[in-house]
Amino acid sequence: MNSYPHNKLSIEKSSAGRRGVTFAPAAKDVSVYLPQNLIRTDTPRLPALSEFDTVRHFTNLSRLNYCLDTHFYPLGSCTMKYNPKAYDALCSLENFSSLHPCTPARYAQGTLEIIYKVEDMLKEITGLAGFTLQPSAGAHGEFTGALIARAYHNFRKDKARNEIIVPDTAHGTNPATAAMCGCKVINIKSAPDGRVDIEELKKALNPHTALLMLTIPNTVGLFEKDIKEIASLVHANGTLLYMDGANLNALIGIVKPVDMGVDIMHINLHKTLATPHGGGGPGAGAVGVKPELLDFLPLPRVAFDGKEYKFIAKNKKSIGAIKSFYGNIAIVIRAYCYMRQFDGKTLKTIAQNAVLNANYVRARLANYFPAFFNRICMHECVLSIDKEKLPQLKTIDVAKRLLDLGFHAPTIYFPLLVPEAIMIEPTETESKETLDAFADAMIEIYNEALKDPQSLHAAPRSCPVKRIDEVSAAREPNLRW
Amino acid sequence: MYNQEKCKFSKTHEWAFIEGGNAVCGISDHAQHEISDIVFVELPKVGQKIEVGKRCAVIESVKSASDFFAPLSGEVTEVNEAVTSDPSLLNKAPHGEGWMFKIKISNPAEADKLLSFEDYKATF
Amino acid sequence: MFSPNTEDNQKQMLHTIGVNGIEDLFADIPQELRKADFNLPQALDEAALTRNVKNLAAKNKPLLNFAGAGIYEHFIPAAVNAISSRGEFLTAYTPYQAEVSQGTLQAIYEYQSCICALFDMDVSNASHYDGATALAEAVSAAARVKGKNKVLISSALNPEYKKVLHTYLNINGSVKLQEVNLKDGLTDIEDLKQKAAAQDVAAFVLPTPNFYGLIEDAQSVSKVVKETGLLLIAQVNPISLGVLAAPGTYGADFAVAEGQALGNAMNFGGPGLGIFTCKKEYVRYVPGRICGMSKDADGKRAFVLTLQAREQHIRRERASSNICSNQALCALNAAVYLTLLGAQGLKEVASLNVENAHILRDKIAGLEGYSIKYSAPFFNEFVVKCPVAAARVIKYAAKKGVLAGFDLGLVSKDFKNELLVCATETKTAQDIEAFVNVLKGAK
């Protein structure tokens, strides 16, 4: 318990005249330097707290959160794996954090070497020819990849390529990305087994198709067995194959995407490469390409001349900059640290254990929450509710009740293909004991639902707040104090 | 106001109340029930030309954004500002105060393709 | 490494699953795809990794910094990192399950509120990747509001931002950009009036301070913009709002900024913090996450991500942006920073920036061979005309341990002797003396 009333805002705890951090004042008033008409006359309504109260305020807020350090997050497609503590200090070493981006390359050789080596390792892991580390997130990476594809087609004078094919199981960012690039989105229905329907794909491919965006394995946790045939069809049509790398944790160290026929892909550093989620960001999304597409990558890029690391800032074919400067460097340094802790042999233990753990959870819950596809899955499984045994139970209730039992909920209602979807991705960093505790909790919920499904509507009951009125929040938005 | 029995319906749950060369449009009671609590309505603009079967409005709930497809072609002559400030009207009175917009019909023959209330009810 | 599964654990789990070995779990993958070799460098344990990374850090040579150009060195009070490095904030997920994310959500709400207060604007979202992408989204939103596809931008907009705008908008042809000329470094009002009169223009992007450090008479520019029926998009420096008039006060419809300066280290340019604000009538055009205050089932105050039906996970291809994440941790740093400083502290910091930069300007103006290019008012950056190429000055200064500024020759060959110099509150009198001495020698 803390000594403040629940959820008071910092502004409500403020008292006029209270100061947190102070600075020795300037020698002269600003009006000596600037004309009066430019000077601010109003006082912004910011908090006025002591530093102590500020620290208490935010520390107490933090304690209202679930987080990886305290709770299991079986979130499908999010790869919530352990964020190694060692990297926190390393990425914030003063020589990294205090560097201004205008620092000449010669004085930033450490950082440039890290960027270069991260690119090298990603090339080895994927088999692709080059990477950009500029994107700030997966979606940002998708946008970058789609722009590269369009630039490639335009360069080949194949200017009518303005369609992007997306399976109906795709994450929402895929079609949104296509629309952002001014492309028409062609949704193709998946086969009954959740995979790409080859016939539907053949129908959708035409001279206007710029790109096929695929998540591999797909969002129902299954590997696209026919990926080589898919890639052949795509390439024969003059189309590029884009891999959404959100699920790379199932394949890393086992399959090289280039061998599947992938031309462009993005990797979420905050998923596969263990950088922290930070409550919603910052992430980072590396984008890799085949040799023919290297020239289109955003600039600048890092090169090594045998002695020094340098920036290359000129390439007429480049799509330009998708963000200012070089990328989320503090995050890239974390990814460097993570990859350096594996070698060619141990890298595969990530995917092996991730897939093992997901199948174990699936097997333990088989008689309670059957997998939508009753077969071996990859690093995540999609379960559903048995409508015959539990006609009144909804996925949202399962999710909220799990919060009471000390687990973050899995991904729910995605992919849209699966009704009452519960998508579980344990990751390789969870122990069997944690997986068993989670399975036991799900079974407890199952039994509660058998006895009294209505009781679950009130969940969660033991969290800092109960279910929130989202309708009012949307109808009468209160977005600031 | 726009009695269900007197309206014509599209298969995608929009209704049109036709009077002379004009029509009032909205979503059916079935639709508002399916969407559940409506939090926002994106209406077309006055003067906008809409085409039958094409999206001309969006209805948002907390968890979804549903497309509203024009039941008839025409030019928007009036929009119901009340539903912009109080979207719950679409839930409470989809055939009354929750009407969405009015149009001047450009192709009267299109009305023949719409369903009567009885036929519409039979579709679900 | 990192997986706790022992051989025993694996055996037990395989038994429960009903397969013989882990390889069986990968049966769906064609054999020929599972033959790849991964040639990675030797794996490092934590101790070896620590040595490795510290060696790399030692290869960086931080310089006494007088560069700005969009990323600024400001003093970050220790409490900021003490709070945001807490595992509860650092390792939390996106707050989709609001009941267990009230810490993150309230922090975002407070960030939004502080930004609205500082900018004097009605609505702030939970942030974009950086200032440049926030501007791209604002330009896109303004075009949609007006239903027009051309936007005017000041010629004095940060060149990184121009590049990003071009990539986001020009390439796709969704919005055409046209530059407005400068007169003595500031917006040429006559040129603005003339270009704004075209039928297809939605808005004008006004950076203030602009890339050359100069402060625009935003009130006057705003008047002209409104008279021509355009929207005003202001791109500002958040620290400067401690002493300069806020965008809401001079009628900006949208106001964006790079928020790195608020409690975030420079980190060689990333991660940044894209601040995005607007007037309340445009709230439906705002991309990205927004946090709102509501009540829970017991009537208790509770925070939740709201207006989600605008976003990609619901609208998919109908979404106005594909953005999925926000820079939550950087926004938290900003919220803590602004809470620690308050209005008074921010005013102090901003005033020190103004003073240091003006002291430095006066000293440089007195140096033989150097002159100050513009006479208009500036915040903490200004353009220096050098006796030799700016690139040469920078190279020489770096050897002496000083980062002299940004080479404006990178913007245009006409500016190759011009240096953009910045002095924040972090510069002491000795620092300034050292820099001036370096400039003396750089000829």
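The values are calculated or read from the model by the stated rules, or taken from the named source; none is laboratory data. Every value quoted in this text rests on a predicted model; they were computed, and no experiment measured them. Ideal geometry is used to build each Cβ from the backbone, glycine not excepted, and the neighbour counts take in all protein chains shown.
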Is there a residue being part of a helix (DSSP H, G or I), more than 20 Å from residue A:152 (Cα to Cα) and free of Cβ contacts under 8 Å to residues at least 24 places away in the same chain anywhere in segment A:229-237? no
Check whether at least one residue in segment C:52-68 is assigned to a loop (DSSP other than H, G, I, E, B), closer than 19 Å to residue A:108 by Cα and more than 7 Å from chain A (Cβ to nearest Cβ), and report yes or no. yes
Any chance residue C:143 is assigned to a helix (DSSP H, G or I) and surrounded by fewer than 24 Cβ atoms within 10 Å (Cβ to Cβ): yes
Any residue in segment A:1-25 that is more than 7 Å from chain C (Cβ to nearest Cβ) sitting within a Cβ distance under 8 Å of a residue that is at pLDDT below 95 and assigned to a loop (DSSP other than H, G, I, E, B)? List the pairs, counting only those 6 or more apart or interchain. A:13/A:4
Please go through segment A:396-423 and pick out each residue that is β-branched (Val, Ile, Thr) and either in the same structural domain as residue A:175 (by TED's automatic domain parsing) or touching a Ser or Thr at 6+ places or on another chain (Cβ under 8 Å) (or both). A:411, A:412, A:418, A:422
If we ask which residues in segment C:163-193 are buried (at least 21 other Cβ atoms within 10 Å of the Cβ), in contact with a strand residue (DSSP E or B) (Cβ under 9 Å, 6 or more places away or on another chain), in a helix (DSSP H, G or I) and at pLDDT below 95, their number turns out to be 1
Taking segment C:391-414, which residues are of a type in the set (D, E, K, R), within 23 Å of residue C:158 (Cα to Cα) and either in a helix (DSSP H, G or I) or not assigned by TED's automatic domain parsing to the domain that holds residue C:68 (or both)? C:392, C:395, C:413, C:414
Tell me yes or no: at least one residue of segment A:42-64 is surrounded by fewer than 13 Cβ atoms within 10 Å (Cβ to Cβ) and in contact with an Asp or Glu (Cβ under 8 Å, 6 or more places away or on another chain). yes
If the Cβ limit is 6 Å and pairs must be 6+ apart or interchain, which residue in segment B:1-19 that is under 17 Å from residue B:33 (Cα atoms) pairs with which residue that is aromatic (Phe, Trp, Tyr) and outside any strand (DSSP E or B)? B:4/B:117; B:9/B:120
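Let's see how each residue does on (1) surrounded by fewer than 24 Cβ atoms within 10 Å (Cβ to Cβ); (2) in contact with a His (Cβ under 8 Å, 6 or more places away or on another chain); (3) over 30 Å from residue A:404 (Cβ atoms):
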| residue | (1), (2), (3) |
| --- | --- |
| C:78 | yes, no, yes |
| C:93 | no, yes, no |
| C:96 | yes, no, no |
| C:104 | no, no, no |
| C:108 | no, no, no |
| C:112 | no, no, no |
Which one of these is modelled with pLDDT of 95 or more, touching a Pro at 6+ places or on another chain (Cβ under 6 Å) and over 30 Å from residue A:466 (Cα atoms): A:357, A:353? A:357
For residues that are touching a residue at least 24 places away in the same chain (Cβ under 8 Å) and among the basic types (Lys, Arg), tally how many sit in segment A:185-228. 4
Looking at C:126, C:43 in this structure, which one is small (Gly, Ala, Ser), surrounded by fewer than 20 Cβ atoms within 10 Å (Cβ to Cβ) and assigned to a loop (DSSP other than H, G, I, E, B)? C:43
Which residues, counting only those in segment A:297-317, are within 11 Å of chain C (Cβ to nearest Cβ) and in contact (Cβ under 8 Å) with a residue 60 or more places away in the chain? A:298, A:308, A:309
Is there a residue in segment A:61-72 that is more than 8 Å from chain C (Cβ to nearest Cβ), farther than 27 Å from residue C:114 by Cβ and touching a strand residue (DSSP E or B) at 6+ places or on another chain (Cβ under 6 Å)? no
For segment A:152-197, name all the residues that are modelled with pLDDT of 90 or more, touching a Pro at 6+ places or on another chain (Cβ under 7 Å) and part of a loop (DSSP other than H, G, I, E, B). A:160
Between C:88, C:32, C:23, which is within 7 Å of another protein chain (Cβ to nearest Cβ), touching a helix residue (DSSP H, G or I) at 6+ places or on another chain (Cβ under 9 Å) and part of a helix (DSSP H, G or I)? C:88
I'd like to check something: does segment A:121-131 contain any residue that is surrounded by fewer than 20 Cβ atoms within 10 Å (Cβ to Cβ), among the basic types (Lys, Arg) and closer than 17 Å to residue A:274 by Cβ? no
